[in-house]
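A.B. asks: Sharing a structure, written as C-alpha cells. Questions coming.
The values are calculated or read from the model by the stated rules, or taken from the named source; none is laboratory data. Here the structure is a predicted model, which means the values were calculated and not measured. Note that each Cβ is placed from the backbone with ideal geometry, even for glycine, and that neighbours are counted across all protein chains shown.
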Amino acid sequence: FQPQRLAGRRVLVTAGPTFEAIDPIRGVTNHSSGKMGFAVARAAREAGADVVLVAGPVHLPTPRGVRRIDVQSARQMLAACEAEADDADIFVATAAVADWRPAAPSDHKIKKDGSGRAPVLAFTENPDILLALAQGARARSGALFCVGFAAESHDLAAHAQAKRARKGIPLLVGNIGPLTFGQDDNEMMLVDAQGVQPLPRAPKLVLARQLIAEIARRMGAGG
Ligand code: C5P
C-alpha cells in the first residue's frame, strides 16, 4: 500500500442505509452498518485525498480528517451529493439506499383506530444517486470516476456485471449481501469491463485500502 497516492484528489463517499419516513415516529430502512463506506472514507483519507462522507443513520465515529454530512432520506443524500459532486474527482457509492419511500408520509403519528385494520402504504421510487451523479458528470463532460457497490444474494458476478453496465460506470464492487451485514470482514469482487477479479476475504479496512489503491492506479492510468 502506497500512501498519498490520492493527494490533491477529492473523494465523495456515501455510506450506511437511508431512512424513509412513514410518519414522525416510524420509517422504512435497509440493513447496512455503514462499516464498508466508513472504511473507504478512511482509506481515501490515508491515501491523501480530501474526503467528504455522506452518511445515512449509522452508529460509527467519523474517520479522522474526513468531512461528514449526516442525512436521513435518499432525497437528502442525493441533495448532499449533488452539492459536493462538482468538486469531486472520485465518487464511491457504498450506501444501501432505499429503493422506495412512502409516497405520502403522515405529518402526525398514525394511530390505531380500533377497527383491527392495518394502514396500507403506497410507495414511490427513490432517485438513483449513483446513476444521477454518473450521468451528471457525463453531461458536463466532467471527469468523475464513479464506483458502485452491489450486494446480491445469488449469481453475484452476472448481476454485478449487468449493474455496472446499466449504470455506465467503470468499476463496481460485488459482495454477497446477507453475509457481510454488520460484519468486520467482507468478501468482494472487482467488476470492470474486462471481467471479474475476486479479492480474498479480509477485514473491510484492508479491502477498502485495496479498492482505493485500485482506483488510484486506474486514475493514474487516465481513468
Ligand atoms: O441498483 P442497485 O441499488 O442494486 O445499485 C447499487 C449501487 O447503486 C450502490 O453503489 C448504491 O450505493 C447505489 N445506489 C444509489 N442510489 C440508489 C440505489 C443505489 O446510489 N437509489
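A.B. asks: With respect to the numbered conditions (1) in a loop (DSSP other than H, G, I, E, B); (2) more than 14 Å from the ligand (Cβ to nearest atom); (3) of a type in the set (A, V, I, L, M); (4) touching a helix residue (DSSP H, G or I) at 6+ places or on another chain (Cβ under 7 Å), which one is the sole condition not fulfilled by residue 44?
C.D. replies: Only one criterion is unmet by residue 44, namely (1).
A.B. asks: Go through region 110-131 residue by residue and tally those that are surrounded by fewer than 19 Cβ atoms within 10 Å (Cβ to Cβ), within 14 Å of the ligand (Cβ to nearest atom) and not polar (S, T, N, Q).
C.D. replies: Residues in region 110-131 being surrounded by fewer than 19 Cβ atoms within 10 Å (Cβ to Cβ), within 14 Å of the ligand (Cβ to nearest atom) and not polar (S, T, N, Q): 5 in total.
A.B. asks: Kindly provide the set of residues from region 68-78 that are within 14 Å of the ligand (Cβ to nearest atom) and outside any loop (DSSP other than H, G, I, E, B), ordered by number.
C.D. replies: 74, 75, 76, 77, 78
A.B. asks: Would you pick out the residues in region 101-128 that are under 31 Å from the mean Cα position of the chain (by Cα) and of a type in the set (Ser, Thr, Tyr)?
C.D. replies: Within region 101-128, 106, 124 meet the criteria.
Rundown of residues vs (1) surrounded by 14 or more Cβ atoms within 10 Å (Cβ to Cβ); (2) more than 14 Å from the ligand (Cβ to nearest atom), yes/no style:
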| position | (1), (2) |
| --- | --- |
| 62 | yes, yes |
| 66 | yes, yes |
| 80 | yes, no |
| 91 | yes, no |
| 96 | yes, no |
| 99 | no, no |
| 103 | no, yes |
| 108 | no, yes |
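A.B. asks: From 81, 146, grab the single residue that is within 26 Å of residue 33 (Cα to Cα) and part of a strand (DSSP E or B).
C.D. replies: The match here is 146.
A.B. asks: Do the conditions hold for residue 99, that is, is it modelled with pLDDT under 95 and either of a type in the set (Phe, Trp, Tyr) or under 25 Å from residue 57 (Cα atoms) (or both)?
C.D. replies: Answer is no for this residue.
A.B. asks: Sticking with this structure for a sec: Inside region 1-41, counting only strands (runs of 3 or more DSSP E) that do not spill past its ends, which hold 3 or more residues that are under 23 Å from residue 89 (Cβ atoms)?
C.D. replies: 10-15
A.B. asks: Considering only residues of region 169-195 that are within 12 Å of the ligand (Cβ to nearest atom) and not in a helix (DSSP H, G or I), which is modelled with the lowest pLDDT?
C.D. replies: Checking each candidate, the answer is 175.
A.B. asks: Given the condition at pLDDT 90 or above, under 22 Å from residue 58 (Cβ atoms) and either among the polar types (S, T, N, Q) or not in a helix (DSSP H, G or I) (or both), answer yes or no: does some residue in region 203-211 qualify?
C.D. replies: Yes, that holds for at least one residue.
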